[in-house]
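Peer 1: Structure incoming, see below.
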Amino acid sequence: MAETIEELKAKLALYEQNGAAKLYYSLNRKMNEMADLMNGNNLTLIAIDDPKDKTFDRLKAIWNDVDKIALAVKTLGESSGITGEEKKDVERKPFVDLIAQDRK
């Protein structure tokens, strides 16, 4: 079945968004949540000898991947021109700007 014009417009609108900026701010929020979670747990109070308590394992899974996430955020920020103004960054439409430049 053929797609309607409205469905096609909705798909096109996704390409007009600044996905890199949205992802940057989303990952930055996740890093803050991860930090809050880790700061909320005192390792000396975790019962590491209790096989049913998976708290330490879960925290370890977080800090094992933190360097990859931090590097991804840094790279996204640099490559997408993040200014620190989330609304402005996300609303900027890099693909639309590129298309407009090509038409000149």
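The values are calculated or read from the model by the stated rules, or taken from the named source; none is laboratory data. Source: prediction; values computed, not measured. Backbone-built Cβ (ideal geometry, glycine too); neighbour counts: all protein chains shown.
Peer 1: Would you confirm whether any residue within the range 68-89 is surrounded by 12 or more Cβ atoms within 10 Å (Cβ to Cβ) and of a type in the set (D, E)?
Peer 2: Yes, the range 68-89 contains at least one residue that is surrounded by 12 or more Cβ atoms within 10 Å (Cβ to Cβ) and of a type in the set (D, E).
Peer 1: Further question: Suppose we keep only residues that are within 29 Å of T55 (Cβ to Cβ) and among the small types (G, A, S) within the range 6-40. Which one would you say is nearest to the chain's Cα centre (by Cα)?
Peer 2: Here the answer is S26.
Peer 1: Go through (1) in a loop (DSSP other than H, G, I, E, B); (2) exposed (fewer than 12 other Cβ atoms within 10 Å of the Cβ); (3) among the acidic types (D, E) one by one and return the number of the condition E6 breaks.
Peer 2: (1)
Peer 1: With respect to N18, is the statement that it is surrounded by 10 or more Cβ atoms within 10 Å (Cβ to Cβ) and at pLDDT 95 or above true?
Peer 2: No: the conditions fail for N18.
Peer 1: Then there is this: Can you run down the residue pairs with Cβ atoms below 9 Å, 6 or more apart or on separate chains, where the first is in the range 33-52 and surrounded by 10 or more Cβ atoms within 10 Å (Cβ to Cβ) and the partner is part of a loop (DSSP other than H, G, I, E, B)?
Peer 2: These pairs meet every condition: I46/D53; A47/D53.
Peer 1: Taking only the range 1-32 into account, find how many residues are within 27 Å of L76 (Cβ to Cβ), among the charged types (D, E, K, R) and without any contact (Cβ under 8 Å) to a residue 12 or more places away in the chain. Break it down stepwise before answering.
Peer 2: First, the residues of the range 1-32 that are within 27 Å of L76 (Cβ to Cβ): 10-32.
From what's left, among the charged types (D, E, K, R): 11, 16, 22, 29-30.
With the extra rule that they be without any contact (Cβ under 8 Å) to a residue 12 or more places away in the chain, the set shrinks to 11, 29.
Total satisfying the criteria: 2.
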